[in-house]
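Some notes on the structure that comes next.
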Amino acid sequence: GSSSRNRKRHGRPKHRGWRVQDGSFVQAGTILATQRTLRFHPGLNVGFGRDGTLFAIESGKVMVTCEKVDLNWEHVWVKKHYEGRNSQTFYKKYFNVIQEPQHTRFKLIDSI
């Protein structure tokens, strides 16, 4: 038999990643993605929480886009992580929430 001491203890999984798929309709405040490092970026009508959570600011349809990024090469963090790749173009994933158009049909009701 093997020793029961020093057994590796795995913590509870955090289940990070996408919460809502592309093309889904969400309400305001819905969590779109959770992340530890900056993997997904906030786009139109999307907020960025302190722990890296992306959430919808307005209700609408979710669109995930891959957009070209213009990095600030003077920044220390960019120099450290992208050293030697100045000539490459970089693409990042952005979460966007597109608002559904409001209807313009109203009924006027007489008040008593």
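The values are calculated or read from the model by the stated rules, or taken from the named source; none is laboratory data. Quick caveat: nothing in here was measured; it's all calculated off a predicted structure. Neighbour counts are summed over all protein chains in view; Cβ atoms, including those assigned to glycine, are modelled from backbone coordinates with ideal geometry. Surface areas here come from the heavy atoms of the whole protein model, side chains and all, with no ligands, DNA or RNA. Shrake-Rupley method; radii C 1.70, N 1.55, O 1.52, S 1.80 Å.
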*Do the conditions hold for residue 23, that is, is it surrounded by 15 or more Cβ atoms within 10 Å (Cβ to Cβ) and among the small types (Gly, Ala, Ser)?*
no
*Members of region 34-54 that are part of a strand (DSSP E or B), in contact with a Lys or Arg (Cβ under 9 Å, 6 or more places away or on another chain) and either under 17 Å from residue 91 (Cβ atoms) or open to solvent by 40 Å² or more (accessible area, probe 1.4 Å) (or both)*: 40, 41
*Would you mention how many residues in region 71-91 are in contact (Cβ under 8 Å) with a residue 12 or more places away in the chain and open to solvent by 90 Å² or more (accessible area, probe 1.4 Å)?*
2
*With respect to residue 100, is the statement that it is acidic (Asp, Glu), at pLDDT below 95 and in contact with a Ser or Thr (Cβ under 8 Å, 6 or more places away or on another chain) true?*
yes
_Residues (polar (S, T, N, Q) and at pLDDT below 85) located in region 5-24_ = 6
_Flag for residue 14 being in a strand (DSSP E or B) and surrounded by fewer than 17 Cβ atoms within 10 Å (Cβ to Cβ)_ = no
_All positions within region 17-33 that are touching a residue at least 24 places away in the same chain (Cβ under 8 Å), outside any loop (DSSP other than H, G, I, E, B) and not aromatic (Phe, Trp, Tyr)_ = 26, 31, 32, 33
